[in-house]
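The next block holds one structure in the form of structure tokens; read it before the comments.
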Amino acid sequence: MTSQLNVDAIVDKAGSGGTNVKIGNTSTYVSDGGNVTQNLVQGLAKCVYTYLQASNTLENSTNVSSITDTSAGVFTCTYSSAFSSDTANSVVSAIDAGAGNRFSMCVTRTASNHGGRGFNGTSATDLQHGFAVFGDLA
């Protein structure tokens, strides 16, 4: 028979607040419609950040060791924890307000870092970049 645990809250031993819950890398969840299960860990972004390149400011980062501003519109993000391979996928956005055709892109990737570039039309330019990287950590 399968065990089931039903609770309203999980708190620390003292009962004074929340606590950390560790889940296995094979943990699954049921989809919104209830027909499909998905692997929870594989669906999480393993690196997330906002980078304001003009001021070389890193905001709201997870799994970022450093950002190196190489030149106008060009930078490298180094991960705190490396990915298992260089096949991690990035979701990227240029979140810089302003006129023009502004966009960010991932141009290089290894297990330990990725390179990004920002453009206004065809000109390299410093932007406010938003990145989320998905894949398996080493």
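The values are calculated or read from the model by the stated rules, or taken from the named source; none is laboratory data. What you are looking at is a predicted structure, and each value in this text was computed from that prediction instead of being measured. Cβ atoms come from the backbone with ideal geometry, glycine included; neighbour counts cover every protein chain shown.
Looking only at residues of the range 29-48 that are within 22 Å of VAL64 (Cα to Cα) and β-branched (Val, Ile, Thr), we find that the one that is modelled with the lowest pLDDT is VAL41. Within the range 106-124, restricting attention to residues that are exposed (fewer than 15 other Cβ atoms within 10 Å of the Cβ) and farther than 18 Å from THR78 by Cβ, which residue is nearest to the chain's Cα centre (by Cα)? Among those that are exposed (fewer than 15 other Cβ atoms within 10 Å of the Cβ) and farther than 18 Å from THR78 by Cβ, it is ALA124.
Given the criteria under 30 Å from ALA9 (Cα atoms), in contact (Cβ under 8 Å) with a residue 24 or more places away in the chain and among the basic types (Lys, Arg), does LYS22 qualify? For LYS22, the condition - under 30 Å from ALA9 (Cα atoms), in contact (Cβ under 8 Å) with a residue 24 or more places away in the chain and among the basic types (Lys, Arg) - is not met.
Is at least one residue of the range 125-135 surrounded by fewer than 18 Cβ atoms within 10 Å (Cβ to Cβ), under 15 Å from the mean Cα position of the chain (by Cα), farther than 17 Å from ALA72 by Cβ and at pLDDT 90 or above? Yes: one or more hits.
Checking the structure you have, find out if any residue of the range 44-54 is of a type in the set (S, T, N, Q) and under 23 Å from ASP126 (Cβ atoms). The answer is yes, given that some residue of the range 44-54 is of a type in the set (S, T, N, Q) and under 23 Å from ASP126 (Cβ atoms).
Quick grid of which residues meet (1) in a strand (DSSP E or B); (2) β-branched (Val, Ile, Thr); (3) under 30 Å from TYR29 (Cβ atoms):
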site: VAL48; (1), (2), (3): yes, yes, yes
site: ALA54; (1), (2), (3): no, no, no
site: ASN60; (1), (2), (3): yes, no, yes
site: THR68; (1), (2), (3): yes, yes, no
site: CYS77; (1), (2), (3): yes, no, yes
site: SER85; (1), (2), (3): no, no, yes
site: GLY115; (1), (2), (3): yes, no, no
site: PHE119; (1), (2), (3): yes, no, no
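If only residues of the range 25-42 that are among the hydrophobic types (A, V, I, L, M, F, W, C) and touching a strand residue (DSSP E or B) at 6+ places or on another chain (Cβ under 7 Å) are counted, the one that is farthest from GLY135 (Cα to Cα) is VAL30.
For THR26, the requirement of being modelled with pLDDT of 85 or more, within 30 Å of ALA138 (Cβ to Cβ) and exposed (fewer than 10 other Cβ atoms within 10 Å of the Cβ) is met.
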